[in-house]
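The values are calculated or read from the model by the stated rules, or taken from the named source; none is laboratory data. Since this is a predicted model, take the numbers as computed values, not measurements. When we count neighbours, we look across all protein chains shown, and the Cβ atoms used for this are built from the backbone with ideal geometry, even at glycine.
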Amino acid sequence: MAKGLQEWVETDVKHQKGKPLKWISEEHFFRDPVRPVFSDCSCFFSPADGILLYQRVVDPDECIVDIKGESYSLRAAMQDDAFDKTSLVIGIFMTMYDVHINRIPYPGVLSYKELDAITTFNQPMLDVERDLVDSLTIDFNKAGYLHNNQRMLNRIYAPDLQQSYYILQIADYDVDRITPFNLKQHVIMPQNRRFSQIRFGSQVDLIIPVSDRYRFEPIQEVGTHVEAGIDPLVSISRNG
């Protein structure tokens, strides 16, 4: 259930923080709790457990966030200079205390592409996690991982909407941590089906191109903690 950041820390994190890192990484992290499978095509559900870092409608080359004076745009995120769609982008930061199973937020046909490595080494996300959990703040100047780290771009074509949307998975310091559950391409996926896991800290961005047919309106506020397959992120209504 969606919670404010402070409420989530108090209710879900506080009793885990004193545990040894070995226990958190080996016993707590890899849990995969049974969840109800909701079906509601009037909305996109969250694809990941985590904290909403940003949600904006941006042009392809427009700045989503500024990181030490360097713009982070959709084209940079997707490693695609030809991407030309104005889109709603929602960034979800997954901490070590979150379930790391990712789910399909709206039904469609899934294909995926592991993007080329940007640098030799991934940058750690731990400083951002500490700020969120300990100070309830975020300093995007510490989010250099957005420019550098290993990522997987998942494209979902949604026949009901007559368009595609995207789920961008970004790994933490360790490489080769994004694990699709089905290695086939162009697989029909129902809403909220489990499709992948990112091991250890990570981020997931939901990218929905703006449509002439439908209006996509964010439901949650930045700083809210959400759960995959449980909390709706975007409402869908017809234009006109």
Being out of contact with any Lys or Arg (no Cβ under 7 Å at 6 or more places or on another chain), free of Cβ contacts under 8 Å to residues at least 24 places away in the same chain and either over 19 Å from H225 (Cβ atoms) or not aliphatic (A, V, I, L, M) (or both), is that true of even one residue in region 52-66? yes
Would you confirm whether any residue within region 149-156 is crowded, with 21+ Cβ neighbours inside 10 Å, assigned to a strand (DSSP E or B) and of a type in the set (D, E, K, R)? yes
Filtered residues of region 9-30 (kept if closer than 19 Å to E227 by Cα, part of a helix (DSSP H, G or I) and free of Cβ contacts under 8 Å to residues at least 12 places away in the same chain): E10, T11
Return yes or no: is I208 within 14 Å of the chain's Cα centre (by Cα), crowded, with 20+ Cβ neighbours inside 10 Å, closer than 15 Å to E114 by Cβ and among the hydrophobic types (A, V, I, L, M, F, W, C)? no
Against the conditions (1) at pLDDT 95 or above; (2) surrounded by fewer than 21 Cβ atoms within 10 Å (Cβ to Cβ); (3) touching a strand residue (DSSP E or B) at 6+ places or on another chain (Cβ under 7 Å), where does F181 fall short? Just the number, please. (1)
Per the list (1) under 30 Å from T11 (Cα atoms); (2) β-branched (V, I, T); (3) under 14 Å from the mean Cα position of the chain (by Cα); (4) not in a loop (DSSP other than H, G, I, E, B), residue check on T179 breaks on (3)
